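What follows is a short report on a single structure.
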Amino acid sequence: MITVHVHPVCLMDRVPKMQLSASVSLPGTGTMAYRILDTHNQSTQPGTYKIRFDQLISHDITYVGIIQSARASGMQRFPLPYGLTNCHNSLCAVGGTINEDDHLFGLSAAQKYGGIYVPANQAVLHQYAREMMGAVGGMILGSDSHTRYGPLGVMGIGEGGPELVKQLLSHTYDLKAPEVVLVYLLNAPKPGVGPHDIALALCKALYDQGFVKNRILEFAGPGISSLPMDFRLSLDVMTTETGCLSSIWETDEVVREYYREHGRERDYSPLAPAPGAMYHRMITLDLAQAEPMIALPFHPSKAYTIREMNDHAGDILRSIEQDGEEQCGIKLQLTDKVRQGRVLTDQGIIAGCAGGLYDHVREAAAVLKGASIGNGGFSLSIYPASMPVALQLMDAGIQQPLIEAGVVFKPCFCGPCFGAGDVPAHNSFSIRHTTRNFPNREGSRPGDGQLAVVALMDARSIAATARNQGLLTAATEIEYTRTKALLPPFNGGIYAHRVYQGFGKPEPDRVLQFGPNIGDWPKIELLGEDLLLRLASVIHDPVTTTDELIPSGETASYRSNPLKLAKFTLSRRDPLYVERAQEIRALEAQRQQGILPAELEGFLAHLEPAVAIESLHIGSLIFARKPGDGSAREQAASCQRVLGGLANLAYEYATKRYRSNLINWGMLPFTLDHTVDFEGRIGDWLYVPQVRSRLQAKEPYFPAKLWKPMSAPGAWTDMTVSIGELTSEEREILCCGCLINYYAAQTQERGYG
């Protein structure tokens with residue numbers, strides 16, 4: 001089904017041809033991706049991009065922090081359209097008034113600065129962007145990792161909040177010219193095969209090898225014409241899970257009709273690769289060979305065909321039990337879920353930007369027509385992606401047969417995707433057409449002995465499984481009639497009545513509405529010269545997700561109070577981390593008073609040359625082999641910083657966005673050579689001298705010393721850490737201590753600190 005090609009490819013007469021020898025055209029030439037990047041570029045330096053986006057979008061886990069940071073940095077108004085949606089915390093049942101307090105802050109900010117405010121339960125952010133934002137050839141930056149609008153001819157990039165702050169201050173998003181990978185689609189998928197099946201197969205083929213990491217996927221080929229728009233959109237949003245930077249698709253009449261249906265035909269224009277377009281790599285994807293898939297814990301790339309899953313259920317379930325015990329310390333009991341040669345599942349969810357689209361719910365209704373999900377333990381819930389989609393389902397008569405079958409419809413909400421809705425029972429097996437299945441992302445608390453299994457599947461096969469009362473079933477095994485009913489008209493009046501459209505109409509005298517939980521960022525110090533870093537957590541898992549660094553779900557309700565939210569840092573992965581970090585921060589507080597903590601005197605005395613207390617900067621350090629996969633939430637970095645964190649140490653960073661978050665929050669993204677076997681443990685000290693000077697001198701490597709408390713005071717181990725490539729601005733941000741300080745210094749509203 002999927003073939004990867006590592007050599008450059010030329011698209012001639014719309015047919016890809018391998019380029020095994022040097023070509024007159026450089027890879028990237030003639031691609032849609034480079035054409036769009038070039039039109040948004042402010043840089044005059046070849047090979048680098050400084051991008052100004054057309055629009056921004058955030059949800060209610062991130063927009064308060066972004067606006068607070070931009071205010072502290074001197075922002076007076078939103079200089080470009082900025083959509084504030086409320087789809088992540090509308091159902092969290094903790095914290096009293098804090099969710100709605102934040103929503104009212106968002107509305108007052110949209111009024112004051114001239115923004116777009118989408119009230120809770122109107123739409124998930126990506127569906128609102130698809131329906132109402134963007135134009136072919138445009139670019140949107142979102143503070144959510146699944147910011148992907150490629151089938152609309154729009155390049156979406158998901159980054160941490162500080163990158164949106166830069167845009168709000170009329171600065172740029174900076175990157176080296178990314179490689180472009182051609183995804184060449186052939187043929188058409190079989191009935192019963194949906195976009196999640198294709199997406200999970202792509203994740204399986206691409207993620208572990210890093211084949212498309214930080215690259216742009218460019219979709220072309222004759223297979224595109226066979227795909228309805230909702231199919232394309234749902235496949236595209238899952239490209240985030242391959243590790244790519246962004247995506248773009250060629251457009252056609254199906255795309256034109258989508259824009260027309262949403263009252264935005266003026267935003268459509270044809271988009272296709274230029275004749276002879278050159279690509280760095282290629283993926284050939286034969287849609288006709290796709291089978292229904294299931295991705296097992298704890299990553300979308302751990303995918304099997306449903307046929308394989310049922311045929312080898314015992315062995316596969318035992319491997320999940322082992323993974324659960326190794327990663328979460330919880331012993332699952334899954335092999336007893338094998339019944340009648342199939343796996344018995346307990347819960348189905350079809351939701352959000354991946355699953356809650358009209359076509360997928362319509363197909364699920366066709367599969368379940370006249371059937372029942374049963375009155376046993378299995379349940380099925382559907383969360384439409386927007387209120388206009390929910391109304392279309394009602395108008396087409398699609399909701400009724402699903403409700404009659406036992407399905408429950410719920411609000412337009414992202415909660416099931418990150419543990420804030422439909423948390424399954426301990427040891428349950430939940431199948432979901434959502435975006436992720438990372439450890440405890442479904443809301444379980446391993447610290448309390450809880451863990452559930454979340455597997456990703458397409459809505460069609462979830463419905464087929466529901467038809468068999470939870471026994472795992474591929475939609476291709478079920479005979480059903482695909483409905484031919486016409487799509488009811490899109491009703492934009494829903495948004496016209498409820499969405500605040502304030503771009504270009506700021507009200508400077510408007511007072512921001514603060515709830516008692518909304519706090520300003522605490523003071524963050526300048527980076528010191530000589531760093532003394534204590535290991536507060538050591539994680540040797542192959543990959544560490546942002547959900548492990550700062551858990552999602554109910555903890556995110558405290559997103560607008562940096563100090564309260566920081567108390568949840570690593571709480572589900574290393575519960576003692578916060579206590580350790582606070583102890584290290586207390587040592588730095590003593591140092592700032594001119595007192596050298598007694599516990600440091602012994603081993604610091606053995607350093608040559610001697611270190612002055614004035615130049616020392618004490619902070620905490622996290623080691624993880626490959627941190628930062630998953631969500632773009634900046635809190636994965638900012639919470640460490642609030643607790644006194646100064647650096648991460650890794651062999652590599654899973655995503656550009658997490659590394660950028662570290663830098664923007666003044667944390668050094670140190671790396672080790674892959675050949676080095678790091679032996680540091682919690683409580684060990686890493687001394688890195690002359691960090692500030694070496695940053696300013698643009699040096700890539702930093703000599704360091706590791707000391708273990710159980711060894712003799714003079715037994716320092718020499719080592720070298722790298723900082724990687726940094727722009728001049730990034731070096732200044734690190735020296736200033738964080739992005740807020742950097743911009744505050746520029747505007748001279750206050751000093752660095």
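The values are calculated or read from the model by the stated rules, or taken from the named source; none is laboratory data. Not measured: the values here are computed from a predicted model. As a convention, Cβ positions derive from the backbone with ideal geometry for all residues, glycine included, and neighbour counts pool all protein chains shown.
Number of residues in region 634-663 that are part of a loop (DSSP other than H, G, I, E, B), hydroxyl-bearing (Ser, Thr, Tyr) and within 20 Å of THR239 (Cα to Cα): the value is 2.
Would you be able to tell me the number of residues in region 127-144 that are charged (D, E, K, R) and in a loop (DSSP other than H, G, I, E, B)?
Step one: of region 127-144, the residues charged (D, E, K, R) are 130-131, 144.
Next, from what is left, pick out any that are in a loop (DSSP other than H, G, I, E, B): 144.
Count: 1.
Against the condition in the same structural domain as MET18 (by TED's automatic domain parsing) and either under 30 Å from THR476 (Cβ atoms) or aliphatic (A, V, I, L, M) (or both), how does ASP208 come out, does it pass? When the stated conditions are applied, ASP208 passes them. Kindly indicate whether any position in region 428-446 is more than 28 Å from ASP54 (Cβ to Cβ), out of contact with any strand residue (DSSP E or B) (no Cβ under 6 Å at 6 or more places or on another chain), assigned by TED's automatic domain parsing to the domain that holds GLY415 and not in a loop (DSSP other than H, G, I, E, B). Checking region 428-446: at least one residue is more than 28 Å from ASP54 (Cβ to Cβ), out of contact with any strand residue (DSSP E or B) (no Cβ under 6 Å at 6 or more places or on another chain), assigned by TED's automatic domain parsing to the domain that holds GLY415 and not in a loop (DSSP other than H, G, I, E, B). Residues in region 577-603 that are in contact (Cβ under 8 Å) with a residue 60 or more places away in the chain and more than 19 Å from LEU527 (Cα to Cα): VAL578, ARG580, LEU600, GLY602, PHE603. Pairing each residue of region 673-688 that is touching a residue at least 12 places away in the same chain (Cβ under 8 Å) with any residue that is assigned to a loop (DSSP other than H, G, I, E, B), provided the two are 6+ apart or on different chains, yields C-beta distances under 6 Å for HIS674/TYR651; PHE678/LEU672; GLY683/PRO709; ASP684/LYS708.
Can you list the strands (runs of 3 or more DSSP E) lying wholly within region 216-308 that have 1 or more residues being surrounded by fewer than 22 Cβ atoms within 10 Å (Cβ to Cβ)?
The strands (runs of 3 or more DSSP E) meeting that bar are 281-286, 303-305.
Residue count for region 317-332 satisfying the condition of being closer than 25 Å to GLU291 by Cα and either crowded, with 20+ Cβ neighbours inside 10 Å or touching a Gly at 6+ places or on another chain (Cβ under 9 Å) (or both): 1. Restricting attention to region 470-489 and to residues that are over 33 Å from the mean Cα position of the chain (by Cα) and either hydrophobic (A, V, I, L, M, F, W, C) or not in a loop (DSSP other than H, G, I, E, B) (or both), the residue that is modelled with the lowest pLDDT turns out to be ALA485. Of all the residues in region 166-199, those that are of a type in the set (Ser, Thr, Tyr) and in a loop (DSSP other than H, G, I, E, B) number 2.
Would you confirm whether or not region 505-516 contains a residue that is crowded, with 21+ Cβ neighbours inside 10 Å and not assigned by TED's automatic domain parsing to the domain that holds GLU652? Taking every residue of region 505-516 in turn, none turns out to be crowded, with 21+ Cβ neighbours inside 10 Å and not assigned by TED's automatic domain parsing to the domain that holds GLU652. For region 679-738, the set of residues classified as of a type in the set (S, T, N, Q) and not in a loop (DSSP other than H, G, I, E, B) consists of SER693, GLN696, THR717, THR720, SER722, SER728, listed by residue number.
Identify all residues within region 234-269 that are hydroxyl-bearing (Ser, Thr, Tyr) and within 27 Å of the chain's Cα centre (by Cα); write none if there are none.
Kept after step one, since they are hydroxyl-bearing (Ser, Thr, Tyr), are these residues of region 234-269: 234, 239-240, 242, 246-247, 251, 258-259, 268-269.
Scanning region 234-269 gives SER234, THR239, THR240, THR242, SER246, SER247, THR251, TYR258, TYR259.
Just checking, does region 352-360 include any residue being surrounded by fewer than 23 Cβ atoms within 10 Å (Cβ to Cβ), in contact (Cβ under 8 Å) with a residue 24 or more places away in the chain and aliphatic (A, V, I, L, M)? The answer is no; no qualifying residue exists.
I'm trying to understand the selection: among the residues of region 395-417, which are assigned to a loop (DSSP other than H, G, I, E, B) and surrounded by fewer than 18 Cβ atoms within 10 Å (Cβ to Cβ)?
Residues of region 395-417 assigned to a loop (DSSP other than H, G, I, E, B): 396-398, 406-407, 410-414.
Within region 395-417, GLY397, GLY406, PRO411 meet the criteria.
Checking every residue in region 308-324 against the condition of being over 21 Å from PHE378 (Cβ atoms) and under 24 Å from the mean Cα position of the chain (by Cα) gives at least one match. Of the residues making up region 309-330, those that are closer than 23 Å to LEU549 by Cβ and not in a helix (DSSP H, G or I) are GLY329, ILE330.
Yes/no matrix, rows are residues, columns are (1) in contact with a strand residue (DSSP E or B) (Cβ under 6 Å, 6 or more places away or on another chain); (2) of a type in the set (Lys, Arg); (3) surrounded by fewer than 19 Cβ atoms within 10 Å (Cβ to Cβ):
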position	(1), (2), (3)
GLN45	no, no, yes
ARG52	no, yes, yes
GLN68	no, no, no
ARG71	no, yes, yes
PHE78	no, no, no
LEU84	yes, no, no
ASN89	no, no, no
TYR113	no, no, no
LEU125	yes, no, no
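Every condition in (1) crowded, with 24+ Cβ neighbours inside 10 Å; (2) closer than 30 Å to TYR184 by Cα holds for PRO388 except the one numbered (2).
Taken over region 450-469, the criterion of being in a loop (DSSP other than H, G, I, E, B) and not small (Gly, Ala, Ser) is satisfied by GLN450, LEU451, MET457, ASP458, ASN468, GLN469.
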